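Structure record follows, encoded as structure tokens.
The values are calculated or read from the model by the stated rules, or taken from the named source; none is laboratory data. Since this is a predicted model, take the numbers as computed values, not measurements. Positions of Cβ are generated from backbone atoms using ideal geometry, with glycine treated the same way; all protein chains shown enter the neighbour counts.
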Amino acid sequence: MSTMTAIKKVTLTDRHLPTGRTKHTLITAAGSQSFDHFTNLTITCYPERLADGFWLMYGTAKGLGTDTWHLTLEDALHQAEWEFNVNPNEWVDANEPF
């Protein structure tokens with residue numbers, strides 16, 4: 001069994017304001033609500049199964065988050081740029097279990 005691995009990370013700053021092009025909603029027993037402000041993004045994958053794709057993980061200060069799935073690493077990087085104006089050179093390489 002392979003382990004999901006974080007391969008890239010970025011901390012969102014005041015420069016990374018949401019573009020408003022997407023909306024992430026949390027559904028609970030109490031109803032639906034918007035997520036708290038996202039503070040970090042992590043791109044993860046299963047290294048032994050890259051054909052399974054890549055997950056862009058959205059984290060909040062409370063640790064609660066969501067994710068989006070992408071066929072390629074480039075697609076995940078593009079999604080972060082499209083949603084938060086994260087430039088490709090801002091990502092930090094990671095190689096750790098997620």
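A search for C-beta distances below 8 Å between a residue of segment 20-33 that is hydrophobic (A, V, I, L, M, F, W, C) and any residue that is loosely packed, with under 10 Cβ neighbours inside 10 Å, counting only pairs 6+ apart in sequence or on different chains, returns Leu26/Ser32; Leu26/Ser34. Please go through segment 44-70 and pick out each residue that is of a type outside the set (S, T, N, Q), part of a strand (DSSP E or B) and either touching a His at 6+ places or on another chain (Cβ under 7 Å) or surrounded by 13 or more Cβ atoms within 10 Å (Cβ to Cβ) (or both). Listed by number, the residues that qualify are Cys45, Phe54, Trp55, Leu56, Met57, Tyr58, Gly59, Gly65, Asp67, His70. Of everything listed in (1) modelled with pLDDT of 95 or more; (2) of a type outside the set (A, V, I, L, M, F, W, C); (3) touching a Lys or Arg at 6+ places or on another chain (Cβ under 8 Å), the single unmet condition for Asp36 is (1). You will find that of Phe38, Phe98, Phe84, the residue that is in contact (Cβ under 8 Å) with a residue 60 or more places away in the chain and under 14 Å from Thr11 (Cβ atoms) is Phe84 and no other. For Lys62, the conditions (1) basic (Lys, Arg); (2) over 17 Å from Asp93 (Cβ atoms); (3) touching a helix residue (DSSP H, G or I) at 6+ places or on another chain (Cβ under 9 Å) are fulfilled apart from (3). For His78, work out the one condition from (1) surrounded by 14 or more Cβ atoms within 10 Å (Cβ to Cβ); (2) touching a residue at least 12 places away in the same chain (Cβ under 8 Å); (3) not hydroxyl-bearing (Ser, Thr, Tyr) it doesn't fulfil. Only one criterion is unmet by His78, namely (2). Considering each residue of segment 1-30, count those that are modelled with pLDDT of 90 or more and either part of a strand (DSSP E or B) or in contact with a His (Cβ under 7 Å, 6 or more places away or on another chain) (or both), and give that number. The total comes to 7.
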